[in-house]
Amino acid sequence: MNISASRQATIHAEDAAVSIPVSKRESWDKRAQYFSRHAAATGYAGAFIKIIQTFRSWTVLDMACGAGTIAVPIAKKVRSVTAVDPSKEILNVVEGRCRIGGITNVKTIQGCWDDDWDRLGIGIHDVAVASRSLVADNAKDSIAKLDRSARKAVYISMAVGSGPLDKKLFESTGRKLDTDRDYIYYYTILHEMGIMANVAFIPEYRRNNWKNHEEALEDHRWMFNGMTKNEEDKVRAYLKRNLVPVLKHWRLPYSRDCHWAVMWWIK
């Protein structure tokens, strides 16, 4: 399956809300795994699943599942999960996590938003989920597909504002960060579709503590798809100007917390 260079992917990359062009599958894979680990550490997945209030009898569709941020933990609470993602490598990660955790009720399907879901065999589920994974360019069609695939309810989540991206650091490279398509953009689409969605917010702590400047740089590479040498130099310069020493570590002198908006509707 080919993923075009112009396709917009949401960070969860899974991980999300702020759209970034992804030109290489390897880049997307690394981001998905990064966000999966981070989400587990920050409690995002647990908070998201708590909002859903699962039932053991449910079947769940996790669309654009990434490395299983939601699919793996929710599988322990429901009858079955269908995890769909365009990357075979990422689905291998999901399957590996299931094997390690002794989880046998997760089915993986390689596919994306634009595919024919009937041909993929995705089917109908009790609940459909898209955690930080909607593609902005086709949001209305994607939401309609999710809605048709759910008997009981649909849950989606998107970033508030710039989400997990450090806006100041990002724009220090000369790139412009477009935050016009945060959760308000998607909520407006839901309203236009006649969907009265509930909204809840999940706070998420962003790391702000590094041993040295190099570790801080490496921890931010995921934000820059195709980072050039010039951009790397600008990021280094920004960190050198702004990192401050605190108890033998280095920090940025401003809050790095972000929020995710979970929007859901009962069928």
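Here are the numbers for the structure shown:
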read-out	value
Residues (touching a Ser or Thr at 6+ places or on another chain (Cβ under 9 Å) and either under 27 Å from ASP141 (Cα atoms) or hydroxyl-bearing (Ser, Thr, Tyr) (or both)) located in region 91-111	LEU91, VAL94, VAL106, LYS107, THR108, ILE109, GLN110
Positions within region 188-236 being of a type in the set (Phe, Trp, Tyr) and in contact with a strand residue (DSSP E or B) (Cβ under 6 Å, 6 or more places away or on another chain), in sequence order	PHE201, TRP210
Criterion: basic (Lys, Arg), surrounded by 14 or more Cβ atoms within 10 Å (Cβ to Cβ) and either farther than 22 Å from ILE51 by Cα or modelled with pLDDT under 90 (or both) - qualifying residue of ARG241, ARG256	ARG256
Among (1) crowded, with 24+ Cβ neighbours inside 10 Å; (2) closer than 21 Å to TRP260 by Cα - the single one VAL135 does not satisfy	(1)
Qualifying residue in region 90-109 (condition: at pLDDT 95 or above and under 23 Å from ALA197 (Cβ atoms))	no
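For (1) in contact with a helix residue (DSSP H, G or I) (Cβ under 7 Å, 6 or more places away or on another chain); (2) exposed (fewer than 14 other Cβ atoms within 10 Å of the Cβ); (3) at negative phi; (4) at pLDDT 95 or above, each residue gets a yes or a no:
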site: THR173; (1), (2), (3), (4): yes, no, yes, yes
site: ASP178; (1), (2), (3), (4): no, yes, yes, no
site: ASP182; (1), (2), (3), (4): no, no, yes, no
site: THR188; (1), (2), (3), (4): no, yes, yes, yes
site: GLU192; (1), (2), (3), (4): no, yes, yes, yes
site: ALA197; (1), (2), (3), (4): yes, no, yes, yes
site: ALA200; (1), (2), (3), (4): yes, no, yes, yes
site: GLU204; (1), (2), (3), (4): yes, no, yes, no
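Table: residues versus (1) surrounded by fewer than 23 Cβ atoms within 10 Å (Cβ to Cβ); (2) touching a strand residue (DSSP E or B) at 6+ places or on another chain (Cβ under 6 Å).
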{"site": "ARG99", "(1), (2)": "yes, no"}
{"site": "GLY102", "(1), (2)": "yes, no"}
{"site": "ASN105", "(1), (2)": "yes, yes"}
{"site": "ASP118", "(1), (2)": "yes, no"}
{"site": "ASP126", "(1), (2)": "yes, yes"}
{"site": "VAL129", "(1), (2)": "no, yes"}
{"site": "ALA144", "(1), (2)": "yes, no"}
{"site": "ALA153", "(1), (2)": "yes, yes"}
{"site": "PHE170", "(1), (2)": "yes, no"}
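The values are calculated or read from the model by the stated rules, or taken from the named source; none is laboratory data. None of the values given here were measured: they were computed from a predicted structure. For neighbour counting, all protein chains shown are included, and Cβ atoms are generated from backbone atoms with ideal geometry for every residue, glycine included.
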